[in-house]
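A quick write-up on the structure given underneath.
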Amino acid sequence: MATLKEKIGYALGDAAAGGITWKVMSIAFPLFFTNIFGLTVADTATLMLIARMFDVVTDPLMGSLADRTQSRWGTYRPWLILGAIPFGLIFALLLYTPDFGPMGKRIWAYSLYLMMMAVYTAVNVPYGSLLGVMTDNDDEKNQFSSFRMVGAYAMGFITLLSFPYLQKLVGGSDQHQYAVLGAFFGVIAAAGTLACGLLTKERLKPIRAEKFSFKPFADLFRNRPWIILTLVGVCTNFFNGFRYAVAGYMFEYCMHGDVTVSGLIINYTVFMTFGEATCMVFGGVSPVFTKWVGSKRKAFMWAAVICAITSVGFFFVPMDPAYIWVMVAVVILTSIGIGIYSPLLWSMYADVSDYATEKNGTSSTGLIFSSGTMAMKFGTAISGSLVALLLGIAGFISGTDATGQTVITITDQDAVNRMIWLLFSIFPAVIAGLMLALLYVYPIKK
């Protein structure tokens with residue numbers, strides 16, 4: 001029986017990865033790279049696309065490597081314990097803007113981003129795989145998944161809400177603020193990752209293949225539940241990725257900057273914080289809701305319906321700061337759906353892992369969970385890349401001049417604003433509809 005301390009320890013892992021590093025990378029990086037660091041829109045889009053091709057190779061290899069790890073800390077925990085410090089350090093360096101020209105900045109950004117993706121994979125794939133060896137009880141798996149999501153959303157809430165106030169406290173240029181906050185949050189991410197590795201336990205022994213082979217990779221593509229669930233995972237991260245990546249641009253250009261209401265500074269990070277708080281609450285409610293509707297699949301489908309309807313609703317909200325609380329209300333409603341489905345995805349990957357073990361005779365837990373991490377990174381980064389490309393098509397131009405200064409030019413403000421609004425509403429709604437269609441044919445009925 002897992003203890004409360006262990007569940008909290010497991011939650012700290014995603015508080016570090018999902019609540020700090022991935023949250024900042026999802027919501028701040030597109031705007032950071034174009035408006036602060038000084039990359040062109042094309043460079044920003046290309047960077048994220050290259051990183052995804054890199055992940056297609058590294059994520060499944062990391063999953064297979066993690067499955068074969070043997071140490072005094074277990075199979076998956078050593079990757080968290082030994083990877084914690086590089087994880088925080090590289091994240092901090094990625095938010096630092098060096099005093100380089102266009103080519104130097106491009107090399108720095110590409111090198112550090114790829115390193116960050118590699119170390120994220122080395123930590124997060126084993127972290128997700130832990131769920132498959134901590135317990136074989138289905139209710140406990142749901143509880144661990146729920147703790148994980150609450151941890152991620154609680155830390156995401158703290159990170160996003162505090163961001164503008166910490167920027168104000170740090171002072172100086174935007175580049176200086178992001179560098180200091182990168183170091184600050186990098187230390188917290190490293191500490192959370194290390195704590196997760198030390199506080200959790202591996203109770204189950206994976207059924208290991210005797211030697212490395214490519215058979216587990218081939219088996220994946222004969223695993224229909226895995227194929228469908230991985231596509232669902234990509235959709236969930238496309239859904240979130242569009243919204244997070246474009247939120248900064250929405251406040252910068254559609255809202256004409258931060259909105260102050262009764263002393264509360266509502267910038268793009270605080271705006272999304274309302275959603276984080278809602279996700280945190282409904283992530284905790286998710287296991288109860290799942291029992292009520294009868295299965296994870298049905299609960300996920302209801303969540304997708306909520307996300308689709310509310311996203312369409314946001315499109316009809318006037319593009320005016322006077323309607324900020326209406327926008328917040330719609331974000332909260334959308335986040336009810338996100339909060340419900342987020343824990344279910346990882347619990348369903350555990351079901352797919354059990355299905356694969358029963359069918360193939362050997363464990364491929366790390367490999368299967370690596371596909372969840374790959375889907376997360378693929379969906380988030382491709383959506384971020386598409387946001388940059390589509391804004392560029394609409395008339396948004398960014399870059400660095402010969403003196404190293406960031407330059408922004410907008411050739412058609414109305415077209416850019418319309419594209420921003422569509423990317424926050426209609427694009428995610430279409431993705432939610434696709435998610436619903438995939439879940440309809442998902443075969444595991446637990």
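The values are calculated or read from the model by the stated rules, or taken from the named source; none is laboratory data. Since this is a predicted model, take the numbers as computed values, not measurements. Virtual Cβ from ideal backbone geometry, glycine too; neighbours counted across all protein chains shown. Quick note on the areas: whole protein, heavy atoms, side chains included, nothing else; ligands and nucleic acids left out. Shrake-Rupley method; radii C 1.70, N 1.55, O 1.52, S 1.80 Å.
Name the helices (runs of 4 or more DSSP H) wholly within region 68-175 that hold at least 1 residues that are open to solvent by 50 Å² or more (accessible area, probe 1.4 Å)?
Here the list reads 77-94, 102-129, 138-170.
Pick from GLY384, GLY399, GLY361, GLY395: which is at pLDDT 75 or above, surrounded by fewer than 17 Cβ atoms within 10 Å (Cβ to Cβ) and not aliphatic (A, V, I, L, M)?
It is GLY395.
Looking only at region 176-209, count how many residues are crowded, with 18+ Cβ neighbours inside 10 Å and in contact (Cβ under 8 Å) with a residue 24 or more places away in the chain.
Result for region 176-209: 18.
Take the residues in region 243-264 that are under 30 Å from ARG297 (Cα atoms) and modelled with pLDDT of 90 or more; name whichever of them is nearest to the chain's Cα centre (by Cα).
Per the stated criteria, the residue is ARG243.
Out of (1) at pLDDT 85 or above; (2) over 24 Å from SER347 (Cα atoms), what's the single condition that is false for MET117?
(2)
Mind listing just one residue for me: the one in region 57-67 that is open to solvent by less than 70 Å² (accessible area, probe 1.4 Å) and under 20 Å from the mean Cα position of the chain (by Cα) and, of those, farthest from GLY128 (Cα to Cα)?
Here the residue is THR58.
Would you be able to tell me the number of residues in region 416-446 that are aliphatic (A, V, I, L, M) and open to solvent by 20 Å² or more (accessible area, probe 1.4 Å)?
Residues meeting the conditions: 11.
When you go through (1) of a type outside the set (A, V, I, L, M, F, W, C); (2) closer than 20 Å to ALA437 by Cβ; (3) in contact with a helix residue (DSSP H, G or I) (Cβ under 6 Å, 6 or more places away or on another chain) one by one for SER295, which number turns out not to apply?
(3)
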